[in-house]
1. Classify region 368-444: rounded, prolate or oblate, from the alpha-carbon gyration tensor (a ≥ b ≥ c, eigenvalue square roots; a/c under 1.5 rounded; otherwise prolate if a/b is larger than b/c)?
2. Select from region 133-190 those chymotrypsin sites (Phe, Trp or Tyr not before Pro) which occupy a DSSP coil region and have at most 15 other Cβ atoms within 10 Å, ordered by residue number.
3. Measuring with a 1.4 Å probe in the full set of protein chains, what accessible area per residue, in whole Å², belongs to region 1-141?
4. For region 302-314, just list the computed ³J(HN,Hα) in residue order, Karplus coefficients 6.51, -1.76 and 1.60, θ = phi - 60°, integers in Hz, with x standing in for Gly and Pro.
5. Using amide H atoms built in the peptide plane, which far-off residues or other-chain residues are under 5 Å from Ala173 H to H?
6. Restrict the search to region 222-315; then list the GluC sites (Glu not before Pro) that DSSP places in a loop and that have at most 10 other Cβ atoms within 10 Å of their Cβ.
7. Please report Rg over Rh for region 126-229, where both radii come from the alpha carbon positions and Rh follows the Kirkwood definition.
8. Run the 1.4 Å probe and let me know the accessible area of Trp469, rounded to the nearest 10 Å².
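The values are calculated or read from the model by the stated rules, or taken from the named source; none is laboratory data. In this text the structure is predicted, and so the values were computed from the model without any measurement. In this analysis, Cβ positions are derived from the backbone assuming ideal geometry, glycine residues included, and neighbour counts consider all displayed protein chains. Ligands, DNA and RNA are stripped out before the accessible areas are found, and what is left, the full protein with its side chains, is counted by its heavy atoms. Shrake-Rupley method; radii C 1.70, N 1.55, O 1.52, S 1.80 Å.
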Amino acid sequence: KSLCLAAICQHYVDGGQRVLVVSHRKELLAQDNEALASLSSIESGIYSAGLDRRDTSQLVLFAGVQSIYGRMEELQQAGAFGLVIVDEAHCIGRKNTAMYHKVVAAVPDARRLGLTATPYRLDSGLLHEGQDAMFDTLAIHIEPKSLVPEYLSPLIGVGTNEVMSVAGVHTVAGDYVAKELEQNAIDEELIRATVQEAYRHAADRKHWLVFCITVAHAEAVLQELTAQNIDAAIVTGKTPKQERADVLRLFKAGKIRALVSVGCLTTGFDAPVTDCLVMLRPTQSKGLHVQMLGRGMRKAEGKSNCLVLDFAGNIARHGSINTFAEYIPSERELAEERKRRPEPQPRKIDHGQAPSLFDPMGDDRPDLTLIEMRVNRIKYFLQDSKKYTDCTNLVASYSCDQASIRQWICLEYPGGAAYHARQWFRRRGITNSPTNAQDALRLAYTLPTPYSLTVRKSGQYWNVITEHWDAPDIEPENDEGEDMNDDD
């Protein structure tokens, strides 16, 4: 993309026009400037607080939107811009739309171009559609699969035993509430099992990029990686600039094996040596999902592919990276719809072409149909385990309009099963759950019941994907997982 951008800049400068390249990330500005320098002798400059530069008069100017949105008159004293390019245009969201619009309003006669691998957002859909869209057409959509292997490294996936639960996690602004995801994710047994499984699959991989939910989650994962003698470091939006630069340099040089990140390496981070992606961050944003996968698709000498370990269930959730995402209503929108509709009917969600769990680039389609069923009543009973002779399970049997749905709450099982059983009680307000099935049965009938379930058919059984409760009044913590701290 940076090379295409450089060629476009050359074309406009040859035509006698100045070009302004705008982004919210200082790393992107530096990369794009380097790409232009590698192809051309065009005079270029950088205006970015994050890079500590204030160039203004060059023919091509790479600028941080936070640094220039109020200084456009200063930047055009050397001449008006004939073209404004927004790199990673999908980052134009609610928080920073005003800044980008101030920039383009200051150059009303300039043409406008956005570059991104994911031209859609949860909060606004396709970038060229809707009221106040900054762009008016989609020039081209290139399937990532068509660029493999000549331009991009292929992705290969491994179905993991541990998959993070999103049951009971609410949706706000189109994506999961991070703090609620964190509650599901921060568990010593779960994190230990996840890291152990990751090492089994990726023992021969030298550059892991680990995507986490929150800083607390990332720190817990980092601690476990270190405990298992895996060289690791962490980068977040609050990591000091010099420390961040040092960590990224050591990762690229192979001195750090696992780089744990939160919300700051999902877009534009360029480390071609990355040969393993460890996905620990569930998301409903297909754009964010594809951006995370893209961090492993750079080609590098000696790299034949990038391994994807999807502990977050995102591949099944979003399908092939080659297809556009549809707009999926937020949980709040769905809750409002239910208020208008006294008798909820099954709601099917089709996520487009979906790959198998083992192929993040494929087009094979498992049955990913989700159906919402209203819960009419619930009963509980005990059932002896067939897997462990000394264990008894609590079974929750939901009577729904279309089927009878059962959940097994395996408090007496070891490892991840017991963790998920504790989370089942946590979603019902019980922080100190029982440790055996008999006590759980006595407590069960005092617990609240979800008003509906989102389920998926698996053979002859229904798997519960999400339990629906009254949506809380929670403001979103961030915007598409990206921080805006690189430029002042």
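1. Because a/c hits 1.5 or more and a/b exceeds b/c, region 368-444 counts as prolate.
2. Tyr151
3. Spelled out: the 1.4 Å probe surface of region 1-141, per residue, equals 46 Å².
4. The phi angles translate into x, 9, 9, 6, 10, 7, 10, 9, 9, 6, 9, x, 6 Hz.
5. Excluding prolines and chain starts, which carry no amide H, the hits are Arg332.
6. Glu301
7. Dividing the radius of gyration by the Kirkwood radius yields 1.08.
8. 40 Å²
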